[in-house]
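**Student:** Sending over a structure as structure tokens; questions will come in a sec.
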Amino acid sequence: MGNSIPNQAGIPRHVAIIMDGNGRWAQQRNMPRTYGHKKGVEATRKAITFYARAGVANLTLFAFSSENWKRPQEEVSTLMSLFLSSLQKNTDELHDNGIRIRFIGDRTAFSDKLLKQIASAEQRTRDNQVMTLNVAANYGGHWDIAQAAQNLAEQVQQGQLQPSEIDAEKIAGQLSLADIPDPDLFIRTGGEQRLSNFLLWQLAYSELFFTDVLWPDFSDQVMQQSLNDFAMRQRRFGQTSEQVSNEQVG
Ligand code: IPE
Ligand code: IPE
Ligand code: MG
């Protein structure tokens with residue numbers, strides 16, 4: 001946490017969340033982990049509404065990592081059916097609220113049915129302006145950087161790009177979310193303090209907010225706390241505190 005004077009960080013333009021703790025939430029209630037995932041969907045709906053109302057223009061949610069396939073088969077298939085059913089149920093509401101939904105991650109592993117539902121939700125909401133919701137599913141930060149490298153290698157092979165022209169900007173331009181600002185605020189619920197292969201490149205200068213609250217319990221109060229906390233941070237991007245303060249005044 002920074003000093004106690006609010007800076008001009010204001011409302012983050014992009015919030016990225018690792019929605020963690022569903023399994024433990026259920027286990028604490030002697031229920032199967034999948035029950036926690038079902039409850040987690042409700043928390044997800046509330047979070048989308050909250051951050052949209054708060055004026056956050058981009059929200060990225062980690063729904064399923066490239067490593068989550070290693071979980072028990074039953075849990076994986078419950079998660080896949082939950083993605084499908086919650087898209088079927090909630091796309092109308094998203095659309096009515098002016099939210100554009102997009103998926104990031106390697107889609108090749110999804111069923112045809114899920115792929116169709118994803119494509120239709122993306123297509124239907126594509127012109128909405130209130131908030132862009134990016135759902136990271138079968139996403140991994142390593143995958144993202146690797147696919148960016150492949151794209152650049154193809155451009156080199158086709159003679160459109162010199163290897164010496166490859167810089168951070170070129171790589172960033174090929175990543176998922178290249179068209180929106182990097183996350184200003186990263187949130188992880190569930191008490192773990194790690195990135196778990198989420199947006200590795202894009203989180204380079206994000207402010208980090210960790211809470212022990214488990215995802216199904218993620219409330220308006222904690223969400224507001226994440227924004228209040230963010231507003232108190234001084235983002236320096238390598239400069240000194242004085243340089244940043246002078247820029248804000250001037
Ligand atoms: C996050 O909750 C949801 C997904 C990974 C899909 P977890 O399922 O990881 O919950 P915990 O961490 O085991 O409690
Ligand atoms: C990260 O949570 C992935 C999602 C929330 C979708 P995990 O629960 O899979 O992360 P680890 O395994 O604890 O690092
Ligand atoms: Mg977890």
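The values are calculated or read from the model by the stated rules, or taken from the named source; none is laboratory data. All figures in this text were calculated on a predicted structure; none of them were measured in a lab. Note that we place each Cβ from the backbone using ideal geometry, even for glycine, and neighbour counts take in every protein chain shown.
**Student:** Look through Lys46, Lys39, Lys89, Lys113 and report the one residue that is of a type in the set (D, E, K, R) and within 16 Å of ligand 3 (Cβ to nearest atom). Full working, then the answer.
**Tutor:** On the way: Lys46 fails: within 16 Å of ligand 3 (Cβ to nearest atom); Lys89 fails: within 16 Å of ligand 3 (Cβ to nearest atom); Lys113 fails: within 16 Å of ligand 3 (Cβ to nearest atom).
Within the list Lys46, Lys39, Lys89, Lys113, the selection yields Lys39.
**Student:** What single numbered condition from (1) among the β-branched types (Val, Ile, Thr); (2) more than 14 Å from the chain's Cα centre (by Cα); (3) within 23 Å of Phe237 (Cβ to Cβ) fails to hold for Ile187?
**Tutor:** Unmet condition: (2).
**Student:** I need every pair where a residue in the stretch 19-31 that is touching a residue at least 12 places away in the same chain (Cβ under 8 Å) has its Cβ under 6 Å from the Cβ of a residue that is among the hydroxyl-bearing types (Ser, Thr, Tyr), sequence separation at least 6 or different chains.
**Tutor:** Within 6 Å, the pairs are Asp20/Thr189; Gly21/Thr189; Ala26/Tyr35.
**Student:** Got a sec? Which of Leu208, Leu227, Leu195, Leu185 is within 16 Å of ligand 3 (Cβ to nearest atom), among the hydrophobic types (A, V, I, L, M, F, W, C) and within 26 Å of Trp25 (Cα to Cα)? Full working, then the answer.
**Tutor:** Numbers: Leu208 fails: within 16 Å of ligand 3 (Cβ to nearest atom); Leu227 fails: within 16 Å of ligand 3 (Cβ to nearest atom); Leu185 fails: within 16 Å of ligand 3 (Cβ to nearest atom).
Every option except Leu195 fails the conditions.
**Student:** Okay, moving on. Considering only residues of the stretch 16-32 that are more than 30 Å from Gly55 (Cα to Cα) and more than 6 Å from ligand 1 (Cβ to nearest atom), which is surrounded by the most Cβ atoms within 10 Å (Cβ to Cβ)?
**Tutor:** The first filter runs over the stretch 16-32 and keeps only residues more than 30 Å from Gly55 (Cα to Cα), leaving 23-24, 26-32.
Within this subset, residues satisfying the condition of being more than 6 Å from ligand 1 (Cβ to nearest atom) are 26-32.
Details: Ala26: 21, Gln27: 13, Gln28: 11, Arg29: 12, Asn30: 7, Met31: 13, Pro32: 15.
The residue in question is Ala26.
**Student:** Under 9 Å between Cβ atoms, which residue pairs at least 6 apart in sequence (or on different chains) link something in the stretch 64-81 that is closer than 14 Å to Pro32 by Cβ and at pLDDT 95 or above with a partner that is part of a loop (DSSP other than H, G, I, E, B) and within 11 Å of ligand 1 (Cβ to nearest atom)?
**Tutor:** Leu79/Arg71
**Student:** Out of the helices (runs of 4 or more DSSP H) lying entirely within the stretch 32-131, which hold 2 or more residues that are under 16 Å from the mean Cα position of the chain (by Cα)? Spell out how you get there, then give the answer.
**Tutor:** Numbers: elements: 33-53, 73-96, 112-125.
By residue number, 33-53.
**Student:** For the stretch 229-247, what are the residues that are surrounded by fewer than 10 Cβ atoms within 10 Å (Cβ to Cβ) and of a type outside the set (Asp, Glu)? Walk me through how you get there before you give the answer.
**Tutor:** Of the stretch 229-247, the ones surrounded by fewer than 10 Cβ atoms within 10 Å (Cβ to Cβ) are 237-238, 240, 242.
Residues satisfying the conditions are Phe237, Gly238, Thr240.
**Student:** Which fully enclosed helices (runs of 4 or more DSSP H) of the stretch 154-250 have 1 or more residues being over 25 Å from Thr60 (Cα atoms), more than 16 Å from ligand 2 (Cβ to nearest atom) and in contact (Cβ under 8 Å) with a residue 12 or more places away in the chain? Walk me through how you get there before you give the answer.
**Tutor:** Details: elements: 168-174, 220-231, 241-249.
Counting at least 1 such residues, we get 241-249.
**Student:** Return a yes/no flag: does the stretch 3-15 have any residue that is within 16 Å of ligand 2 (Cβ to nearest atom) and either modelled with pLDDT under 95 or buried (at least 19 other Cβ atoms within 10 Å of the Cβ) (or both). I'd like the intermediate steps shown before the answer.
**Tutor:** Start the filter on the stretch 3-15 by keeping residues that are within 16 Å of ligand 2 (Cβ to nearest atom), which leaves 15.
Restricting the remaining residues to those that are either modelled with pLDDT under 95 or buried (at least 19 other Cβ atoms within 10 Å of the Cβ) (or both) gives 15.
The answer is yes, given that some residue of the stretch 3-15 is within 16 Å of ligand 2 (Cβ to nearest atom) and either modelled with pLDDT under 95 or buried (at least 19 other Cβ atoms within 10 Å of the Cβ) (or both).
**Student:** Which is loosely packed, with under 13 Cβ neighbours inside 10 Å and more than 16 Å from ligand 1 (Cβ to nearest atom), of Asp184, Asp127? Show your work before the answer.
**Tutor:** Working: Asp184 fails: loosely packed, with under 13 Cβ neighbours inside 10 Å.
Going through Asp184, Asp127 in turn, the sole match is Asp127.
**Student:** Modelled with pLDDT of 95 or more, of a type outside the set (A, V, I, L, M, F, W, C) and under 22 Å from Ile11 (Cβ atoms) - does that describe any residue in the stretch 151-171? Spell out the reasoning first.
**Tutor:** Our first condition is that a residue be modelled with pLDDT of 95 or more; within the stretch 151-171, this holds for 151-171.
Filter once more, keeping what is of a type outside the set (A, V, I, L, M, F, W, C): 151, 154-155, 157-160, 162-165, 167, 169-170.
After this cut, where a residue has to be under 22 Å from Ile11 (Cβ atoms) as well, the list is none.
Looking for residues that are modelled with pLDDT of 95 or more, of a type outside the set (A, V, I, L, M, F, W, C) and under 22 Å from Ile11 (Cβ atoms), one finds none in the stretch 151-171, hence no.
**Student:** Mind checking which residues of the stretch 96-148 are charged (D, E, K, R) and within 26 Å of Trp201 (Cα to Cα)? Working first, answer last.
**Tutor:** Within the stretch 96-148, the subset charged (D, E, K, R) is 96, 100, 102, 106-107, 112-113, 116, 122, 124, 126-127, 144.
Within the stretch 96-148, Arg100, Arg102, Asp106, Arg107, Glu122, Arg126, Asp144 meet the criteria.
**Student:** If Asp20 passes every condition in (1) touching a helix residue (DSSP H, G or I) at 6+ places or on another chain (Cβ under 8 Å); (2) of a type outside the set (A, V, I, L, M); (3) more than 18 Å from Ser219 (Cα to Cα); (4) within 14 Å of ligand 3 (Cβ to nearest atom) but one, which one does it miss?
**Tutor:** Only one criterion is unmet by Asp20, namely (3).
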